[in-house]
Amino acid sequence: MNLDEVKSVVGSAVEMYKSKYDSPFAGNFEVNGNVIFVGDTHGAIDVTSKVFSDFADNADLVVFLGDYVDRGEDQLGNLLLILRKMVENPNKYIVLRGNHESPITNEYYGFKEEVKEKLGEENYEMFIELFSYMPYAAAVNGYFCVHGGLPMGLEKVEEIKKLPRPDVNPDNPIAFQLLWNDPREGIDDLDFLPSIRGEGIYFFGKRVVDNFLENNSLKGIIRGHEVADGFRTDMSGKVITVFSSRYHHMRAGILVMRKEGRFDYAYV
């Protein structure tokens, strides 16, 4: 792997994040065409390659929902492939941050070790910078796109713009929960419930979803983060989870939003 090429791709991506996305919110997009949503890939470069070869040409926008590294066999290659496409065509690709785009997880799930083996440990720092500038969310055709879920204390999408950036871990609790929180049925009276994932992470219920969508004139939420056989829907279909990793030995899902607004659930 050519270190100079890696530095060029990562450096270009960082500059793009700083300039095109001048806040932690990637923006509000209205797309008159097909949109592809890709969930966690975790080093599954075969899945990512299929996205580009079989889906991207017929799409006007491709949204990656985070978790490109850790766990899989070619985490570095997977991440660089996605970044190259984004840098080459920034108007077609949105690459959001996942909870594994962080040194909190990279220490334990493999990405830092892979960088150390392939590039040298001293070059891990450029990925820390890259992750710290990745946007947390975007709104696409009335759907809130995020890796994890809704956090405590966030009422309006625009409030994401005020989150600190760069934020390495992230340390801001709202940013942290955007990457880590999960939806759960049956906790309506509580709104939020402490998660089994750890301190500062929460499950959020239907009332939280309904209020957030109403306050922001949105139709639903599209997110990744949780293991599923391609897809899972919650809250009467208002929350769609897309999971595109084969690490857990299930199918990799690719969500396609057609021009007319309907969804196709494809598998790779």
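A few remarks follow.
- In the list (i) 54, 17, 14; (ii) 27, 21, 18; (iii) 37, 18, 16, the label attached to semi-axes √(5λ) of the Cα gyration tensor in Å as derived from the coordinates here is (ii).
- With a simple spin-label model that places each label point 7 Å from the Cα along the Cα-to-Cβ direction, the separation between Arg197 and Glu125 comes to 3.0 nm.
- Rg and Dmax [Cα atoms of segment 91-147; Å; Rg one decimal, Dmax integer]: 13.7, 43
- Descending semi-axes in whole angstrom, ellipsoid equivalent of segment 36-129, from the Cα gyration tensor: 24, 12, 12
- For the chain, a crude dipole built from +1 on the beta carbon of Lys and Arg and -1 on the beta carbon of Asp and Glu, taken about the Cα centre, is about 680 debye to the nearest 20.
- A straight chain from Asn169 to Tyr108 at 0.36 nm per residue would run longer than the Cα-Cα distance by 20.6 nm.
- Probe 1.4 Å, protein heavy atoms only - accessible area per residue of the chain in square angstrom: 41 Å²
- Partner lysines for Lys219 [C-alpha distance under 28 Å; skip if fewer than 8 residues away on the same chain]: Lys20, Lys92, Lys156, Lys161, Lys162, Lys206, Lys238, Lys259
- Distance from the alpha carbon centroid of segment 67-138 to that of segment 198-268 works out to 22 angstrom.
- Computed from the C-beta positions of Glu185 and Arg251, the FRET efficiency with R₀ = 22 Å rounds to 0.45.
- Rounded to the nearest 500, the 222 nm mean residue ellipticity of the chain from helices alone is -9000 deg cm²/dmol, with -39,500 (n - 2.57) taken per DSSP H run of at least 4 residues.
- Between 0 and 90°, nearest 10: helix 75-88 axis offset from the chain longest Cα axis: 80 degrees
- Taking all Cα pairs closer than 8 Å and separated by 6 or more residues, the relative contact order of the chain comes to 22 percent.
- Alpha-carbon centroids, segment 147-191 and segment 11-62: separation in whole Å: 21 Å
- Share of carbon and sulfur in the accessible heavy-atom surface of the chain [1.4 Å probe, %]: 46 percent
- At q = 0.09 Å⁻¹ the log10 of I(q)/I(0) for segment 111-268 amounts to -0.33, computed by Debye summation with a single uniform scatterer per C-alpha, solvent ignored.
- Partner lysines for Lys112 [C-alpha distance under 26 Å; skip if fewer than 8 residues away on the same chain]: Lys7, Lys18, Lys50, Lys85
- Within segment 1-265, antiparallel bridges make up roughly 45 percent of the DSSP beta bridges whose residues both belong there.
The values are calculated or read from the model by the stated rules, or taken from the named source; none is laboratory data. Since the model is a prediction, treat every value here as computed from it, not as a measurement. In this analysis, Cβ positions are derived from the backbone assuming ideal geometry, glycine residues included, and neighbour counts consider all displayed protein chains. All accessible areas refer to the heavy atoms of the entire protein, side chains included, with ligands and DNA or RNA removed. Shrake-Rupley method; radii C 1.70, N 1.55, O 1.52, S 1.80 Å.
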